[in-house]
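S.K.: Here's a structure for you.
The values are calculated or read from the model by the stated rules, or taken from the named source; none is laboratory data. Quick caveat: nothing in here was measured; it's all calculated off a predicted structure. Here the Cβ is made from the backbone with ideal geometry for all residues, glycine too, and neighbour counts use every protein chain on show.
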Amino acid sequence: MSVNSDTKVIKSKKDMIISLFTSGISAVETIAAISGARPSYVGSVLQKEGLIDNYYDLYTSTGYPMNVYSKHFRGKLGFRDVEAAKNGVDTLENAYQYFGKIKDRPGQHHSLEMGLTMLDRSRWTGKLEEAEVYRQWLVSKLSTPLVERSEMRAVDPVTAVDGQDEVEELRKAA
């Protein structure tokens, strides 16, 4: 059996992914199914080769910007050890507070999203103490009540002094 000189020999899963993409198959999930690789690996290979620039998932490197907020976190989040996780949480907290002060809700959302990403990355690689640092930060943000629940007091419109204004305010609120 002779091999045509135009035929490429596929030596690795990475070669197969690149070959499939360059042959016209561009859907990451299709390439993953054919090659037997996970979509995150396919996306990573294609991004490193400069073939795509729009794939993001749990394992996508922060070196590839997802949006305008990514630059605030590039190279600043980690889970090598508990100290690195604490430094990452400090970065997240500072960004979250900054975005809150300027009322940039998408920026705050991205901070939370990056916290969840780091929690999952550390958890799924067995770094449970480091994951706990990120989990505690997220819980602190998600446990803050969205609505203040103060004791409601009844107002008797007949006996209240200057009660008419207060009654009107309560009616508007109801």
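S.K.: Inspect all residues belonging to the stretch 41-55 and state whether any of them is free of Cβ contacts under 8 Å to residues at least 40 places away in the same chain, more than 28 Å from SER70 (Cα to Cα) and not in a helix (DSSP H, G or I).
M.R.: Looking for residues that are free of Cβ contacts under 8 Å to residues at least 40 places away in the same chain, more than 28 Å from SER70 (Cα to Cα) and not in a helix (DSSP H, G or I), one finds none in the stretch 41-55, hence no.
S.K.: Do you know which of the residues in the stretch 86-111 that are free of Cβ contacts under 8 Å to residues at least 40 places away in the same chain, of a type outside the set (Asp, Glu) and over 15 Å from LYS71 (Cα atoms) is surrounded by the most Cβ atoms within 10 Å (Cβ to Cβ)?
M.R.: The extreme case among them is ASN87.
S.K.: Taking only the stretch 9-19 into account, find how many residues are of a type outside the set (Ser, Thr, Tyr) and within 12 Å of LEU51 (Cα to Cα).
M.R.: Number of matching residues: 2.
S.K.: Can you confirm whether the stretch 141-158 contains a residue that is modelled with pLDDT of 95 or more and in a helix (DSSP H, G or I)?
M.R.: Yes, there is a match, as at least one residue in the stretch 141-158 is modelled with pLDDT of 95 or more and in a helix (DSSP H, G or I).
S.K.: Could you tell me whether any residue of the stretch 58-75 is more than 30 Å from PHE21 (Cβ to Cβ) and more than 15 Å from the chain's Cα centre (by Cα)?
M.R.: No, because not a single residue in the stretch 58-75 is more than 30 Å from PHE21 (Cβ to Cβ) and more than 15 Å from the chain's Cα centre (by Cα).
S.K.: When LYS103 is evaluated against the numbered criteria (1) assigned to a loop (DSSP other than H, G, I, E, B); (2) within 30 Å of TRP137 (Cα to Cα); (3) at pLDDT below 85, which criterion, by number, is the only one it fails?
M.R.: Failed condition: (3).
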